[in-house]
Amino acid sequence: MDHFHYCEGQYFAEGVSFARIASTVGTPCYVYSRAILEQRWRLFNDAFGDYPHRIHYAVKANGNLAILKLLCQMGSGFDIVSGGELERVLKAGGRPDDMVFSGVGKRESEITTALEAGIHCINVESAAELDRVNRIAGTLGAVADLALRINPDVDPHTHPYIATGLRENKFGIPIDEVPDLVRQAHDANHVNIIGLACHIGSQLTELSPFVAALDRVLELVFSLRQEGLQLKHLDIGGGLGIRYGDETPPEPDAYVKALLNTLSARQCNLPLFIEPGRAIVGNAGVLLTRVEYLKSAQSHQFAVVDAAMNDLLRPALYGAHHRVIEVSPADVEPTTYDVVGPICETADFLSRSQRLSISPGDLLVVQSVGAYGSAMSSNYNSRPRSAEVIVEGDKFHVVRRHETLSQLYQNESTLPD
């Protein structure tokens with residue numbers, strides 16, 4: 001079932017019209033479908049069958065508390081990359097022992113908080129970080145469980161800004177340096193290596209890079225076994241892409257099947273952790289916005305809307321494409337528009353060359369923004385962050401209110417007189 005759909009000339013999220021949401025909540029507004037969120041998580045989980053695994057949702061994709069709580073209720077674990085994300089997951093009811101802490105620049109305070117909370121595993125990315133974790137764990141009188149995040153130097157065939165598994169990227173440990181880190185951990189008193197981790201990038205639309213990365217991880221597994229290191233899990237990260245336009249990414253079942261076939265071929269039965277984020281929430285969310293003006297400038301037609309790059313940064317940051325559709329197509333000839341916002345930057349566009357039948361005041365929906373939409377939003381140009389809504393059936397719930405103007409400066413102060 002398509003949970004975003006037209007019915008009698010109006011666009012709906014499940015059983016709720018976008019016109020109803022706009023009249024009640026206002027615009028701009030992020031709208032998520034609970035049904036899609038749950039369906040996408042189950043597709044990953046069910047694809048594993050009886051194979052031992054954990055789904056750790058990548059919180060960076062969208063950390064709204066209501067979304068995190070829904071995933072908690074379904075049995076999801078979480079992949080976090082900051083102390084703030086740890087706090088969010090705990091607030092939503094997540095269990096620390098079902099979280100992994102990734103990221104290349106963990107602060108001392110973040111490591112301390114994670115260890116005190118009882119996090120399942122810290123994915124270490126350098127010798128310096130291993131030393132820091134060992135020292136902090138010693139201060140706490142604890143032993144920290146670690147996974148070593150390796151850099152397999154595999155090309156993920158994605159945008160360079162979201163490629164993380166190439167030799168020139170800042171992420172992970174080069175494979176040839178791993179044995180030295182294993183020896184460093186063996187000589188330390190307060191760390192214990194329980195896994196190997198790997199994440200090569202985001203928005204991957206082919207299976208071959210995942211398989212290549214897992215192959216390199218498995219080569220290391222068998223090499224380390226000969227040195228006596230017995231691991232408890234493998235973490236292959238996330239990165240499965242979604243459809244924004246004409247992409248044809250693999251479905252979760254095909255992705256999981258490729259991973260399990262690789263493990264079987266190499267006769268490895270270690271539990272597998274994966275960290276989907278975008279592939280769960282990306283197509284579950286849209287951005288609802290209203291047309292303020294239609295503007296003509298020689299060869300270009302602009303639809304100026306009330307959403308902007310502070311609400312959705314991906315087009316300006318990556319040149320990302322998002323399809324835009326009418327909530328209720330106007331009875332006018334369709335025209336090709338660049339959909340732009342009011343911010344004082346030429347980069348402030350939501351989509352280029354969209355064929356739309358619209359008039360000023362009409363509502364538009366920007367599709368596939370559930371991941372890295374609200375999560376990357378800002379207050380640039382002193383614009384309040386937008387509301388967020390979750391739809392379930394014929395009801396909707398505001399899970400984040402529009403920021404007020406006074407909230408923009410509530411933590412600021414002027415100099416003394």
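The values are calculated or read from the model by the stated rules, or taken from the named source; none is laboratory data. Treat the numbers as computed from the prediction; the structure is a model and nothing was measured. Every residue, glycine as well, gets a Cβ built from its backbone with ideal geometry; the counts of neighbours run over all protein chains shown.
Quick look at the values:
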item: Unmet requirement for residue 23, which otherwise passes all of (1) farther than 30 Å from residue 137 by Cβ; (2) touching a Pro at 6+ places or on another chain (Cβ under 6 Å); result: (2)
item: Selected residue (criterion: farthest from residue 402 (Cα to Cα)) from residues of the stretch 16-51 that are charged (D, E, K, R) and over 19 Å from the mean Cα position of the chain (by Cα); result: 50
item: Top-ranked residue in the stretch 89-98 [being more than 15 Å from the chain's Cα centre (by Cα) and either part of a loop (DSSP other than H, G, I, E, B) or among the hydrophobic types (A, V, I, L, M, F, W, C) (or both); ranked as surrounded by the most Cβ atoms within 10 Å (Cβ to Cβ)]; result: 94
item: Subset of the stretch 328-358 (residues that are aromatic (Phe, Trp, Tyr) and either at positive phi or touching a Ser or Thr at 6+ places or on another chain (Cβ under 9 Å) (or both)); result: 337
item: Hits in the stretch 1-44 - residues which are part of a helix (DSSP H, G or I) and farther than 20 Å from residue 374 by Cβ; result: 19, 20, 23, 39, 42, 43, 44
item: Any hit, the stretch 70-82, residues being in a strand (DSSP E or B) and charged (D, E, K, R); result: yes
item: Total residues in the stretch 210-244, condition of a type outside the set (Phe, Trp, Tyr) and more than 14 Å from residue 178 (Cβ to Cβ); result: 18
item: Test: residue in the stretch 385-404 that is closer than 24 Å to residue 281 by Cβ, in contact with a Pro (Cβ under 9 Å, 6 or more places away or on another chain), assigned by TED's automatic domain parsing to the domain that holds residue 286 and buried (at least 21 other Cβ atoms within 10 Å of the Cβ); result: yes
item: Answer from 194, 173 - the residue that is farther than 19 Å from residue 61 by Cα, in contact (Cβ under 8 Å) with a residue 12 or more places away in the chain and crowded, with 18+ Cβ neighbours inside 10 Å; result: 173
item: Qualifying positions in the stretch 338-360 - in a loop (DSSP other than H, G, I, E, B) and surrounded by 16 or more Cβ atoms within 10 Å (Cβ to Cβ); result: 341, 342, 343, 348, 358
item: First in the stretch 84-113 and in the same structural domain as residue 197 (by TED's automatic domain parsing), second anywhere and among the aromatic types (Phe, Trp, Tyr), Cβ under 6 Å, 6 or more apart; result: 89/78; 94/78; 99/78; 104/171
